[in-house]
Structure formats: structure tokens, C-alpha cells
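The values are calculated or read from the model by the stated rules, or taken from the named source; none is laboratory data. No experiment lies behind these values; they were computed from the predicted model shown. Because the Cβ atoms are built from the backbone with ideal geometry, glycine has one as well, and the counts that use them run over all protein chains shown.
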Amino acid sequence: MSDDAGGLRPQNPQDRPIGQLVSEVTEQITRLVRDEMQLAVIELQQKGKRLGVGAGLLGGAGVLAFYGGAVLVTAGIAGLATQLALWLAALIVGVVVLGVAGVLAFVGKQQAQRAGPLVPEKAAVSVKSDIKTIKEGMRR
């Protein structure tokens, strides 16, 4: 026996009352939306973790590169100072360092613009597929 108040559940799905069908569809759509949201959350969490680890490693590399760069700049100034005045050697090395920084900033900006938005792509594809399936089912 079924939990329905009406007694036995009809064997043929076409024999079920409209109210029951609407109730089932509403329940299934609610479950589908909830599952899609969970998929999106999980996907964004995974991407966020990877991004966090990558950012931390890049930050550490940046600090070390800064100190290494400072040592090389000092060495460049000291080397040029053997042939030029100290102030002129420092000026030349400073201009070169700023030029390299400008090129790196330009290239970095272009790369960041190509990255695109941080969206849950798999969940979006899945939702589009679900909507297409529902629309096709309603046409029958």
C-alpha cells in the first residue's frame, strides 16, 4: 500500500492525478536546483583553494625575487661605479629597472584580462543541459 490517502497508487504514470504530477515535478525541480547550487559551490571552493595556494606561492616568490633583485641592482651600481660616478651609475640602473617593471606590468595586465571571470563553468553547463531537457520534455 502507498502512503497516499487515496489508497493504492496507480500503476500507469498517465493515470496519476494532475495535482500529484505537479507536486512531483515541483519536488524534482527543487531538488535539481539545490543539487546544481551544491555543484557550483563545490566547484568554486576547489578553484578558490587552488587560487589561494597559487597566490601564496607567488607571494613568497615575489618577496625572494625582490631581495634578489635588490642585490643585483646594488651589484650593477657597484660595477658601473668603477667606470662612472656613483650617482650616474645609480641613475642608469634605476632607469633600466623601472623600464623592466613597466614592461612586466603591461604584460601582466594583458594576461589578467585574458583570464576571464571566475565562474563555475561545469555547473553552468549542467544547468543549461537541465533546462534544455526540461523544455524538450514539456514539448512532448
(request) Could you please let me know if Gln110 is farther than 30 Å from Leu21 by Cα, surrounded by 10 or more Cβ atoms within 10 Å (Cβ to Cβ) and either basic (Lys, Arg) or at pLDDT below 90 (or both)? (result) no
(request) From Gly79, Gly52, grab the single residue that is over 30 Å from Thr30 (Cβ atoms), surrounded by 10 or more Cβ atoms within 10 Å (Cβ to Cβ) and at pLDDT 90 or above. (result) Gly79
(request) Might you let me know whether the stretch 128-139 holds any residue that is within 22 Å of the chain's Cα centre (by Cα), closer than 30 Å to Lys49 by Cα and part of a helix (DSSP H, G or I)? (result) yes
(request) Six or more apart or on different chains, Cβ under 9 Å: which pairs go from a residue in the stretch 44-64 that's on the phi < 0 side of the Ramachandran plot to one that's surrounded by 10 or more Cβ atoms within 10 Å (Cβ to Cβ) and not in a helix (DSSP H, G or I)? Could you list them? (result) Leu44/Leu118; Leu44/Val119; Leu44/Pro120; Lys47/Leu118; Lys47/Pro120; Gly48/Leu118; Leu51/Leu118
(message) Can you tell me which of (1) at pLDDT 80 or above; (2) surrounded by 10 or more Cβ atoms within 10 Å (Cβ to Cβ) is the one Ile134 doesn't meet?
(response) (1)
(message) Which residue is farthest from Glu121 (Cα to Cα), if the candidates are limited to the stretch 26-40 and must be surrounded by fewer than 12 Cβ atoms within 10 Å (Cβ to Cβ) and not polar (S, T, N, Q)?
(response) Glu27
(request) All but one of (1) closer than 18 Å to Leu51 by Cβ; (2) exposed (fewer than 10 other Cβ atoms within 10 Å of the Cβ) hold for Val119, so report the exception by its number. (result) (2)
(request) Return yes when Val125 is modelled with pLDDT of 80 or more, in contact with a helix residue (DSSP H, G or I) (Cβ under 9 Å, 6 or more places away or on another chain) and part of a helix (DSSP H, G or I) and no when it is not. (result) no
(message) Whether any residue in the stretch 96-105 is closer than 30 Å to Asp35 by Cβ and either not in a helix (DSSP H, G or I) or not acidic (Asp, Glu) (or both) is what I want to check.
(response) no
(message) Being loosely packed, with under 13 Cβ neighbours inside 10 Å, over 20 Å from Val93 (Cβ atoms) and at pLDDT 90 or above is the requirement here; does Gly68 meet it?
(response) no
